[in-house]
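J.: This is the structure I want to talk about, given as structure tokens.
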């Protein structure tokens, strides 16, 4: 109880500080982040914390369908893909687990108290300005407390309206078609209502059969071709945003709706030769309304307010009349989330800043499961952070307090309340004034709470679970150099070595039968790794070239039980080596992009034996596009035509065991900007 009182006291003190600093007076210094977002810089971001960013045209050039596809090109990130367009896609960064990754959309976290995983496959790149991955946390102390609460984070930044001089409307019409019966029209309308107020509305529809052919080996060693069924997807997305600029800041309001129906093709286990009878279906509805206000009241004080309401509906159906290998499941889940955050930044001196932030959220889950306890979670997060910035040295430190209380309709079914303090320290050092070389390091301790499924799922949950703690250490550098000659334009590089620990890892263990499992704090993992990214630009023969290379080495060991024969074995699905290559070439109105992704050998189980060995896989993709200018000079229109060819050499591979991925496929993209 004393911890909750501490959090409330901090909140009251911050309110008093706000009343005092408001009297400093308002000034006209406007931090116009709307303008800053429109700059699609083609460079590695020199953050104090390790960060990787793909922006603007970089995203459009890639042979990527969703955000999950784009994240594959980041070092240290693995995408778990359960097969095809319709499969679940989650991200695992530096082997810490998907539940340790916070996903933020337009600055506010996407919550999922039910299982803690965000399906990145549902976010299209059509309306995305930037995708960023941060290890540890963003190197900004002026942020909500939730931004401090994850071991790593993915930030999705949608596009902001930008208008040419004298123009009040932007209209973009898009269409994609290609393999697997793909039909994907989209529409975007932006309206300049006044000099300080703009409106954006976009919608997208997508349908695919998700049907593709793949090969596998029979028990006799013969290669056989089969067809992946029940991978169809139908989805709609509608998004409306209102953006305003004030004398001393800006605000935005956004409404988002997503609806989908999809089949789950399931694992390709051969219960009968060449026959795959998976008929599971899932329906999803997601809606959220969020708002944000950022304002500078004086040279010493700024305020950031965020608020959100979200509703998520999931219907899952597994019918043994369609697939005799399954048991009957017809479950409906409904999540409601309310969230509010207030962050305050105090500029004590030009080189010293302090921030205080408070977040409150409530999550409620309803389900029609037998003996369900209907949990509600109340979360209070308070963070205090400080930043010191000198000519050669930058230091940041934060302390996050988390108080969580669960309530259930069934008496005594709820887990106990949780109180935790977790610190982080970030530092950077620039030794030379004339050389753009910066060394950086960070330490962070954080945890993830057991999800509602971990605690309360019928016949599975365990209300006595402890949080899953992670400790991170990182040391690296970033270097950049521009060249003035006609050939080389510039080069940028960053590299980090890191050591992570995961304690009290939550695992599912079988109980009385295969349909009854229990969740336990059983695991402990140690991860040692190395990430590197290199990119450059040069020009020759009138052709502009850009290159980006990434490499990751990870040794992620299971150190749970010293007596186990698998002690210090590589944890499942983590390759020792992985990397990617992107090469882009622009000549006049033509663009060509080649991309390569490599995932090395790994094991599909904690038992590192031959039977669980998974070979390396790699794909080659290519995209070519051409811009056409239509109409007169007074009202020019831009038509972009692109052709993508993916998995050029038709490699047969699996990201997750028994979930075969598509072979060679193509896509045609058309976009008309009015």
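J.: Could you check, for the range 151-158, whether at least one of its residues is surrounded by fewer than 23 Cβ atoms within 10 Å (Cβ to Cβ), more than 17 Å from residue 69 (Cα to Cα) and either touching a helix residue (DSSP H, G or I) at 6+ places or on another chain (Cβ under 9 Å) or modelled with pLDDT of 85 or more (or both)?
T.: no
J.: For residue 162, state whether it is surrounded by fewer than 19 Cβ atoms within 10 Å (Cβ to Cβ) and either at pLDDT below 90 or in a strand (DSSP E or B) (or both).
T.: Values: surrounded by fewer than 19 Cβ atoms within 10 Å (Cβ to Cβ): yes; either at pLDDT below 90 or in a strand (DSSP E or B) (or both): yes.
Yes; evaluated as a whole, the condition is true for this residue.
J.: Here's something else I'd like to know. Please verify whether the range 650-659 includes one or more residues that are at pLDDT below 90, farther than 26 Å from residue 98 by Cα and in contact with a strand residue (DSSP E or B) (Cβ under 8 Å, 6 or more places away or on another chain).
T.: Yes, the conditions are met somewhere in the range 650-659.
J.: Okay, next question. Considering the range 539-564 alone, what residues qualify as being more than 31 Å from the chain's Cα centre (by Cα), in contact (Cβ under 8 Å) with a residue 24 or more places away in the chain and at negative phi?
T.: Of everything in the range 539-564, those that are more than 31 Å from the chain's Cα centre (by Cα), in contact (Cβ under 8 Å) with a residue 24 or more places away in the chain and at negative phi turn out to be 539, 540, 543.
J.: For residue 525, state whether it is over 22 Å from the mean Cα position of the chain (by Cα), crowded, with 17+ Cβ neighbours inside 10 Å, at pLDDT 85 or above and more than 26 Å from residue 448 (Cβ to Cβ). Give the derivation first.
T.: Values: over 22 Å from the mean Cα position of the chain (by Cα): yes; crowded, with 17+ Cβ neighbours inside 10 Å: yes; at pLDDT 85 or above: yes; more than 26 Å from residue 448 (Cβ to Cβ): no.
Considered against the rule, which asks whether it is over 22 Å from the mean Cα position of the chain (by Cα), crowded, with 17+ Cβ neighbours inside 10 Å, at pLDDT 85 or above and more than 26 Å from residue 448 (Cβ to Cβ), residue 525 comes out as no.
J.: Just to verify a result, which residue in the range 47-57, among those that are in contact with a strand residue (DSSP E or B) (Cβ under 8 Å, 6 or more places away or on another chain) and either surrounded by fewer than 24 Cβ atoms within 10 Å (Cβ to Cβ) or not in a loop (DSSP other than H, G, I, E, B) (or both), is modelled with the lowest pLDDT? Before you say what the answer is, go through the steps one by one.
T.: Step one: filter the range 47-57 for residues in contact with a strand residue (DSSP E or B) (Cβ under 8 Å, 6 or more places away or on another chain), giving 47-56.
Keeping just the survivors that are either surrounded by fewer than 24 Cβ atoms within 10 Å (Cβ to Cβ) or not in a loop (DSSP other than H, G, I, E, B) (or both) gives 47-48, 51-56.
Numbers: 47: 62, 48: 68, 51: 80, 52: 83, 53: 85, 54: 82, 55: 81, 56: 72.
The qualifying residue modelled with the lowest pLDDT is 47.
J.: Restricting attention to the range 613-631, does a residue exist that is more than 19 Å from residue 57 (Cα to Cα), at pLDDT below 85 and exposed (fewer than 15 other Cβ atoms within 10 Å of the Cβ)? Give the derivation first.
T.: So in the range 613-631, the residues more than 19 Å from residue 57 (Cα to Cα) come out as 613-620, 630-631.
Restricting the remaining residues to those that are at pLDDT below 85 gives 631.
Narrowing further to those that are exposed (fewer than 15 other Cβ atoms within 10 Å of the Cβ): 631.
Yes.
J.: While we're on this one: Among the candidates 131, 103, single out the residue that is at pLDDT 90 or above, assigned to a strand (DSSP E or B) and buried (at least 22 other Cβ atoms within 10 Å of the Cβ). Don't jump to the end; show me each part of the working.
T.: Numbers: 131 fails: at pLDDT 90 or above.
Selected residue: 103, the only one of 131, 103 that is at pLDDT 90 or above, assigned to a strand (DSSP E or B) and buried (at least 22 other Cβ atoms within 10 Å of the Cβ).
J.: Restricting the first residue to the range 490-517 and requiring it to be part of a loop (DSSP other than H, G, I, E, B), which pairs with a second residue that is at pLDDT below 90 meet a Cβ separation below 6 Å and a spacing of at least six or different chains?
T.: 511/517; 511/518; 516/459
J.: Go through the range 178-201 and give me each residue that's farther than 27 Å from residue 633 by Cα and buried (at least 16 other Cβ atoms within 10 Å of the Cβ).
T.: 178, 179, 180, 182, 184
J.: Can you confirm whether residue 369 is touching a residue at least 60 places away in the same chain (Cβ under 8 Å) and surrounded by 20 or more Cβ atoms within 10 Å (Cβ to Cβ)? Reasoning before the result, please.
T.: On the way: touching a residue at least 60 places away in the same chain (Cβ under 8 Å): yes; surrounded by 20 or more Cβ atoms within 10 Å (Cβ to Cβ): no.
Considered against the rule, which asks whether it is touching a residue at least 60 places away in the same chain (Cβ under 8 Å) and surrounded by 20 or more Cβ atoms within 10 Å (Cβ to Cβ), residue 369 comes out as no.
J.: Return the only residue of 265, 273 being farther than 30 Å from residue 354 by Cβ, modelled with pLDDT under 80 and loosely packed, with under 15 Cβ neighbours inside 10 Å. Lay out the reasoning, then the answer.
T.: Details: 265 fails: loosely packed, with under 15 Cβ neighbours inside 10 Å.
One residue alone meets the criteria, 273.
J.: OK, next. Please enumerate the residues belonging to the range 587-600 that are assigned to a strand (DSSP E or B) and either buried (at least 16 other Cβ atoms within 10 Å of the Cβ) or without any contact (Cβ under 8 Å) to a residue 40 or more places away in the chain (or both). If you could, list the steps in order and put the result at the bottom.
T.: In the first step, residues of the range 587-600 are kept if they are assigned to a strand (DSSP E or B); the result is 587, 590-599.
Answer for the range 587-600, where residues must be assigned to a strand (DSSP E or B) and either buried (at least 16 other Cβ atoms within 10 Å of the Cβ) or without any contact (Cβ under 8 Å) to a residue 40 or more places away in the chain (or both): 590, 591, 592, 593, 594, 595, 596, 597, 598, 599.
J.: Does the range 353-366 hold any residues that are farther than 24 Å from residue 305 by Cβ and out of contact with any helix residue (DSSP H, G or I) (no Cβ under 9 Å at 6 or more places or on another chain), and which are they?
T.: Of all residues in the range 353-366, those farther than 24 Å from residue 305 by Cβ come to 365-366.
Passing the criteria: only 366.
J.: Which one of the conditions (1) farther than 16 Å from residue 61 by Cβ; (2) in contact with a strand residue (DSSP E or B) (Cβ under 7 Å, 6 or more places away or on another chain); (3) modelled with pLDDT under 90 does residue 605 fail to meet, given that it meets all the rest?
T.: Failing condition for residue 605: (2).
J.: Now a separate question. Does residue 318 qualify as being modelled with pLDDT under 95, more than 24 Å from residue 50 (Cβ to Cβ), more than 25 Å from the chain's Cα centre (by Cα) and crowded, with 17+ Cβ neighbours inside 10 Å? Reasoning before the result, please.
T.: On the way: modelled with pLDDT under 95: yes; more than 24 Å from residue 50 (Cβ to Cβ): yes; more than 25 Å from the chain's Cα centre (by Cα): yes; crowded, with 17+ Cβ neighbours inside 10 Å: yes.
When the stated conditions are applied, residue 318 passes them.
J.: Next question, about the same structure. Name the one entry in 138, 89 that is within 14 Å of the chain's Cα centre (by Cα) and under 21 Å from residue 604 (Cα atoms).
T.: On inspection, the qualifying residue turns out to be 89.
J.: Please verify whether residue 420 is modelled with pLDDT under 95, within 16 Å of residue 148 (Cβ to Cβ), within 29 Å of the chain's Cα centre (by Cα) and surrounded by fewer than 20 Cβ atoms within 10 Å (Cβ to Cβ), treating the condition exactly as stated. So that I can check it myself, show each step before the final result.
T.: Working: modelled with pLDDT under 95: yes; within 16 Å of residue 148 (Cβ to Cβ): yes; within 29 Å of the chain's Cα centre (by Cα): yes; surrounded by fewer than 20 Cβ atoms within 10 Å (Cβ to Cβ): yes.
Against the criterion (modelled with pLDDT under 95, within 16 Å of residue 148 (Cβ to Cβ), within 29 Å of the chain's Cα centre (by Cα) and surrounded by fewer than 20 Cβ atoms within 10 Å (Cβ to Cβ)), residue 420 qualifies.
J.: Can residue 231 be described as modelled with pLDDT of 80 or more and either surrounded by fewer than 19 Cβ atoms within 10 Å (Cβ to Cβ) or part of a strand (DSSP E or B) (or both)?
T.: Working: modelled with pLDDT of 80 or more: yes; either surrounded by fewer than 19 Cβ atoms within 10 Å (Cβ to Cβ) or part of a strand (DSSP E or B) (or both): no.
Judged against the criteria, residue 231 is not a match.
J.: Please specify each residue of the range 438-459 satisfying the condition of being loosely packed, with under 15 Cβ neighbours inside 10 Å and not in a loop (DSSP other than H, G, I, E, B).
T.: Going through the range 438-459, the residues loosely packed, with under 15 Cβ neighbours inside 10 Å turn out to be 439, 458-459.
Residue satisfying the conditions is 439 alone.
J.: Could you list, in sequence order, the residues of the range 651-674 that are part of a loop (DSSP other than H, G, I, E, B) and closer than 23 Å to residue 264 by Cα? If you could, list the steps in order and put the result at the bottom.
T.: Step one: of the range 651-674, the residues part of a loop (DSSP other than H, G, I, E, B) are 651-653, 657-658, 661-664, 674.
Residues satisfying the conditions are 651, 652, 653, 657, 658, 661, 662, 663, 664.
J.: Could you list all residues from the range 234-248 that are assigned to a strand (DSSP E or B) and either out of contact with any helix residue (DSSP H, G or I) (no Cβ under 9 Å at 6 or more places or on another chain) or surrounded by fewer than 16 Cβ atoms within 10 Å (Cβ to Cβ) (or both)?
T.: We begin by selecting, within the range 234-248, every residue assigned to a strand (DSSP E or B); these are 234-246.
Within the range 234-248, 234, 236, 238, 239, 240, 241, 242, 244, 246 meet the criteria.
J.: Residue 665: on the phi > 0 side of the Ramachandran plot and surrounded by 15 or more Cβ atoms within 10 Å (Cβ to Cβ), yes or no?
T.: On the way: on the phi > 0 side of the Ramachandran plot: no; surrounded by 15 or more Cβ atoms within 10 Å (Cβ to Cβ): yes.
Considered against the rule, which asks whether it is on the phi > 0 side of the Ramachandran plot and surrounded by 15 or more Cβ atoms within 10 Å (Cβ to Cβ), residue 665 comes out as no.
J.: Working carefully through the options 90, 139, find the one that is surrounded by fewer than 23 Cβ atoms within 10 Å (Cβ to Cβ), touching a residue at least 24 places away in the same chain (Cβ under 8 Å) and either closer than 17 Å to residue 56 by Cα or touching a helix residue (DSSP H, G or I) at 6+ places or on another chain (Cβ under 8 Å) (or both).
T.: None of the other options fit; the residue is 90.
J.: Is one or more of the residues making up the range 601-624 in a strand (DSSP E or B), farther than 26 Å from residue 214 by Cβ and touching a residue at least 12 places away in the same chain (Cβ under 8 Å)?
T.: Initially, the range 601-624 is screened for residues in a strand (DSSP E or B), giving 602-603, 613-614, 617-624.
Going one step further and asking which of them are farther than 26 Å from residue 214 by Cβ, we end up with 624.
Next cut, touching a residue at least 12 places away in the same chain (Cβ under 8 Å) only: 624.
The answer is yes, given that some residue of the range 601-624 is in a strand (DSSP E or B), farther than 26 Å from residue 214 by Cβ and touching a residue at least 12 places away in the same chain (Cβ under 8 Å).
J.: Sticking with this one: When only residues in the range 632-647 that are surrounded by fewer than 16 Cβ atoms within 10 Å (Cβ to Cβ) and in a loop (DSSP other than H, G, I, E, B) count, which is modelled with the highest pLDDT?
T.: Among them, the one singled out is 636.
The values are calculated or read from the model by the stated rules, or taken from the named source; none is laboratory data. Remember, it's a predicted structure, so these values are computed and weren't measured experimentally. All Cβ positions, even for glycine, are placed from backbone atoms using ideal geometry, and neighbour counts span all protein chains on display.
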